[in-house]
1. Based on the Cα coordinates of the chain, what is the per residue volume of their convex hull in Å³?
2. Residue separation times 0.36 nm, minus the C-alpha to C-alpha distance between Ala18 and Tyr92: what's the value?
3. Describe numerically, in nm with one decimal, the distance between label points set 7 Å from Cα along Cα→Cβ at Asp43 and at Gln99.
4. Just in segment 72-136: which GluC sites (Glu not before Pro) are loop by DSSP and have at most 14 other Cβ atoms within 10 Å?
5. Normalised by the number of residues in the chain, what is the relative contact order in percent for Cα pairs under 8 Å and 6+ residues apart?
6. How tilted is helix 134-144 with respect to the longest principal axis of the chain? Cα atoms for both, answer in degrees (0 to 90, nearest 10).
7. Give the peptides 100-111, 34-45 in descending order of average Cβ contacts within 10 Å, highest first.
8. Which order do peptides 26-33, 14-21 fall in by mean Cβ count within 10 Å, highest first?
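Laboratory data are not the source of any read-out in this text; all were calculated from the coordinates shown. Just so you know, these numbers come straight off a predicted model, no measurement behind them. Cβ: placed from backbone, ideal geometry, glycine included. Neighbour counts: every protein chain shown.
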Amino acid sequence: MSKTIAIGCDHGGFDLKAEISELLTELGYEIIDCGCYSNASVDYPDIAKILCDKINGGECEKGILICGTGIGMSIAANKIDGIRCAHCTDTYSAAMAKQHNNANVIAIGARITGSELAKCIVKSWLESEFLGGRHAARVEKIMKLEN
Ligand code: RB5
């Protein structure tokens with residue numbers, strides 16, 4: 001399994017991106033930092049696009065997007081073919097996002113979710129495996145909605 005992961009944020013998620021990046025490094029991940037690189041205001045769809053292109057281009061298999069609420073990033077990411085982005089506010093959803101939905105991206109809201117919970121969410125998602133079987137058939141149906 002690839003130990004490379006992409007992470008991206010807008011200005012609302014800049015501080016949390018640093019904390020989650022630290023965790024990812026501790027867990028042995030190589031990080032592709034898709035920006036932004038300061039607290040200056042940026043548009044979250046631009047960052048979502050950069051990160052999702054890394055996944056679709058084969059540079060990594062997973063990504064984490066952070067904005068103020070996690071909503072804008074997840075909406076933007078889910079517009080991009082090949083991306084299944086789960087907006088997570090709890091650890092159970094994060095685990096299910098992988099086990100049932102095979103989410104290749106999660107979105108977190110830095111103004112909603114505290115940094116310690118955010119780190120637990122990330123760990124829960126990363127430690128989970130896709131269960132396949134009936135879930136695979138459903139995920140295939142999701143992907144067919146792109147056409
Ligand atoms: C930026 O102010 C804010 O709108 C953004 O971070 C995000 O919450 C959008 O969904």
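1. 92 Å³
2. Values: separation 74, 0.36 × 74 = 26.64 nm, distance 2.34 nm.
24.3 nm is the gain from fully extending Ala18 to Tyr92.
3. Result: 3.9 nm between the two label points.
4. Details: sites: Glu116, Glu127, Glu129; in loops: Glu129.
Passing both the DSSP loop test and the Cβ count: Glu129.
5. Working: 281 pairs, mean separation 34.4, N = 147.
Relative contact order here is 23 percent.
6. So the helix axis and the longest Cα principal axis differ by about 70 degrees.
7. Values: 100-111: 23.1, 34-45: 15.6.
Top to bottom by mean Cβ count within 10 Å: 100-111, 34-45.
8. Values: 26-33: 13.5, 14-21: 18.9.
Taking the mean over residues of other Cβ atoms within 10 Å, the ranking is 14-21, 26-33.
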